[in-house]
1. Please list, in order, the residues from the stretch 49-84 whose amide nitrogen is less than 15 Å from a point placed 7 Å along the Cα→Cβ vector of Ser104.
2. Taking neighbour counts of Cβ atoms within 10 Å as a proxy for exposure, in what order, fewest first, do Ile123, Ile102 appear?
3. Given an 8 Å cut-off on Cα distances and at least 6 residues of separation, report the relative contact order of the stretch 45-132 as a percent.
4. Is there a quick way to get the dipole size of the stretch 70-148? I mean about its Cα centre, with the Cβ of Lys and Arg at +1 and of Asp and Glu at -1; what is the value in debye to the nearest 20?
5. Rounded if a/c is under 1.5, else prolate if a/b is larger than b/c, else oblate: which is the stretch 12-103, with a ≥ b ≥ c the root eigenvalues of its Cα gyration tensor?
6. Charges on Cβ only, +1 for Lys and Arg, -1 for Asp and Glu, centred on the Cα centroid of the stretch 2-148; of Leu60, Thr139, Thr47, which one is farthest towards the dipole's positive end?
7. So if we plug the beta-carbon distance of Arg130 and Gln258 into 1/(1 + (r/R0)^6) with R0 = 51 Å, what FRET efficiency do we get, rounded to 0.05?
8. Pop a pseudo-label 7 angstrom from the Cα along the beta-carbon direction at both Asp352 and Val213 and give the gap in nm to one decimal.
Amino acid sequence: MADERNRMLEQLNTDDWQECRQSVLIVDDSAMNRRMLTEILGGRFDTAEATSGEECLHLLEENRDGISIVLLDIHMEGMDGFAVLEEMDRQKMLEDIPVIMISSEDKVDAMRRAFDLGASDYISRPFDARVVCQRIGNTMRLYAKQRRLCAAVEKQIREADQNSRIMLALLNRVMEKRNGESRNHVRRIQIITALLLAQLAQKNGQHWLTGSVRRRITLAAALHDIGKIELENRLLCNTAPTAEEETLLRQHTTLGAQMLEENSTRQEAAFVQTAAQICRWHHERYDGSGYPDGLVGEQIPLEAQVVGLADAYDALAGGENGRPYPHKAAVYLLCTAQSSQFSPLLLECLRDVESRLAEETEADAPPPPKEGILFDETVLG
């Protein structure tokens, strides 16, 4: 048995997935079982031990990146293996750390429950050194392949995002030249949108706002005024438009959505749909006072609501419509005098990120006003 185990360990040593010595956390309230597993694995892996489910979670929380795999006994005093699995899943540990359950039972129900809770494999006692080593090796190989695949996908996403950002940056330079907006207006809109979305994702019922969804909305926010390209320069540069000219200016919402929808491909469908919704509806208001369609409340897509609030905030704090308001005053005004125009939940998020708004956009802020040109402090309350 010892010779067979050594042969298995030598084979594991030669696998290319194993670039460094891996760490196995053995969780069992039986000292004898922990000692047996340590003897089987000690020649190949670093091992750590936990005598209870509670100690296991404590070690994982303290050294999450240092543990490669967990061998977890099902039946333990206090918190059993199933409860540990549930908590690891709740804390999203199972995404990075595989768990192999160990038990003296071969009951199908126990196995099914373990797999349903996120276990990667199941080993029965008495231990067979070869089986233990093979299953640990197989599980680690699988996770290593998954990590490489995830890394490759993330790299592709980053490269695609970078290419999109370059394209959008060039496009926005054209927009800045045409309508005279602040050079950094679009970048600030994206910063504010990202902050609001990150805060909103922490609220109950907003689990669909994953990182990839938030990135897509933030990237699409850069195109919120793309329809202005279709308008005449005289309209864009007019600081005091007539009623007729204002009607023409408002067409940039529908023109932008139409441009995007007419020039999309199937591969870009999700991004284009998001960008088109933002273009068309970012001037809609929660109380129905916006345009172009007079939508009310949750009829307005959430991405358009978020960008609309970001745009309104930047119009005040960024000075797009004249002298800039202090950040605190801009938030106060939106949450009081203009509160009916925006979702209460989004205004709550705006208040939550108020201090970060000032920090993140400060680099783009204009110079402070000269003495005597101060914002009316009554707005601050």
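Read-outs: derived from the displayed coordinates by stated rules, not from any lab. Treat the numbers as computed from the prediction; the structure is a model and nothing was measured. Counting neighbours? That spans all protein chains shown, and the Cβs are built from the backbone with ideal geometry, glycine included.
1. Output list for this probe position: 73-77.
2. Result, fewest neighbours first: Ile123, Ile102.
3. Relative contact order, the stretch 45-132: 26 percent.
4. Result for the stretch 70-148 is approximately 560 debye, rounded to the nearest 20.
5. Here the stretch 12-103 falls in the oblate category.
6. Of Leu60, Thr139, Thr47, it is Thr139.
7. Approximately 0.20, to the nearest 0.05.
8. Using points 7 Å along Cα→Cβ, the separation is 1.5 nm.
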